[in-house]
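The values are calculated or read from the model by the stated rules, or taken from the named source; none is laboratory data. The shown structure was predicted, so the numbers you read here are calculated from the model rather than taken from an experiment. All Cβ positions, even for glycine, are placed from backbone atoms using ideal geometry, and neighbour counts span all protein chains on display.
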Amino acid sequence: MSFNKEKFKRTELLLGSGAMDRLKSATATVIGLGAVGSHVIESLARCGIGKLKIVDFDEIGISNFNRQLLALESTIGRLKTEVAFERLKQINPDMEVEAFNTLCHKDNFDSVFDSGTDVVVDAIDSLNPKVNILYELVQRKMAVVSSMGAARRKEPLSITTGDISETFGCPLAKSVRKRLRRMGVDNGIHCVYSSEIVKKDSVSDDLEDNYFDSGRLRNPMGSLSMISGIFGYVVALEALKMILGDLVDW
């Protein structure tokens with residue numbers, strides 16, 4: 001048995017050899033490598049997926065440490081895509097990793113999406129880019145798993161999945177639904193969200209200190225690494241289900 005095959009033997013024991021063959025030929029695109037996205041790429045890589053396309057424009061900062069997998073003393077100030085690339089190759093050198101160090105927007109949709117992917121993971125929290133990406137994916141009829149708000153939550157058992165039209169209790173999901181509806185999209189987006197009612201006092205009065213021109217000024221929100229991680233692993237599992245489909249009895 002090869003070294004790399006031995007790495008994923010326990011996954012194969014659970015999912016079967018046919019599923020592993022499918023995984024090795026599959027591609028997932030993950031947009032956003034922060035609190036949720038960093039855990040998504042970690043778990044997909046450890047499943048033995050053949051290719052990951054990773055998209056992010058940001059650098060690792062001090063404020064990332066409480067919830068982001070890529071944040072270490074040694075990675076401060078480095079591009080998230082570069083750090084993610086190195087980490088993924090340490091997990092599985094045979095996996096193909098294509099990095100896009102950019103904000104995903106309408107001017108580069110073709111370069112990100114046209115090379116082919118089995119599923120797209122939306123793990124960003126900026127409202128306008130998120131809505132525009134989801135709208136584009138619906139128009140292209142691409143399989144997508146979208147993470148709604150993980151910040152300000154403390155209850156893991158409130159995390160669930162469903163179509164965007166079914167989401168409730170999540171302010172981000174509500175805003176996304178409202179904007180997509182104006183654009184003529186009511187459903188067809190698979191989401192991971194929390195129904196936990198958030199507290200207003202978990203938002204800082206100060207503005208973020210690492211604001212980029214491509215986003216909007218926001219107030220930092222309280223968060224826990226445990227909840228962000230659970231969100232990421234549930235998102236990754238939903239993406240895995242889309243890739244493998246009927247090959248596995250879920």
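Data overview
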item	result
Wholly enclosed helices (runs of 4 or more DSSP H) of segment 4-87 bearing at least 3 residues out of contact with any helix residue (DSSP H, G or I) (no Cβ under 8 Å at 6 or more places or on another chain)	9-15, 17-24
Any hit, segment 179-188, residues being touching a His at 6+ places or on another chain (Cβ under 8 Å), surrounded by fewer than 19 Cβ atoms within 10 Å (Cβ to Cβ), modelled with pLDDT of 95 or more and not in a loop (DSSP other than H, G, I, E, B)	no
Unique match (being surrounded by 18 or more Cβ atoms within 10 Å (Cβ to Cβ) and of a type outside the set (Val, Ile, Thr)) among Ser43, Ser74, Ser17	Ser43
Unique residue being more than 16 Å from Phe57 (Cα to Cα) and of a type in the set (A, V, I, L, M, F, W, C) when the list is Val83, Val145	Val145
Hits in segment 98-121 - residues which are more than 20 Å from Leu23 (Cα to Cα) and buried (at least 19 other Cβ atoms within 10 Å of the Cβ)	Leu103, Cys104, Val112
Residue check, Ile164 hydrophobic (A, V, I, L, M, F, W, C) and modelled with pLDDT under 95	no
Residue list for segment 122-142, filter: crowded, with 19+ Cβ neighbours inside 10 Å and closer than 24 Å to Glu96 by Cα	Asp122, Ala123, Ile124, Ile133, Leu137
Checklist (1) touching a Cys at 6+ places or on another chain (Cβ under 8 Å); (2) over 19 Å from Ile31 (Cα atoms); (3) of a type in the set (Phe, Trp, Tyr) applied to Phe168, failing item	(1)
For Leu157: the one exception among (1) surrounded by 15 or more Cβ atoms within 10 Å (Cβ to Cβ); (2) hydrophobic (A, V, I, L, M, F, W, C); (3) within 29 Å of Leu224 (Cα to Cα)	(1)
Residue satisfying all of: in segment 99-120; in a loop (DSSP other than H, G, I, E, B) and touching a strand residue (DSSP E or B) at 6+ places or on another chain (Cβ under 6 Å); modelled with the lowest pLDDT among these	Cys104
Residue under evaluation Ala123, criteria (1) farther than 23 Å from Gly184 by Cβ; (2) modelled with pLDDT under 95, criterion not met	(2)
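The rows are residues; the columns are (1) touching a Ser or Thr at 6+ places or on another chain (Cβ under 7 Å); (2) modelled with pLDDT of 95 or more; (3) aromatic (Phe, Trp, Tyr).
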residue: Lys200; (1), (2), (3): no, no, no
residue: Ser225; (1), (2), (3): no, yes, no
residue: Gly229; (1), (2), (3): no, yes, no
residue: Val235; (1), (2), (3): yes, yes, no
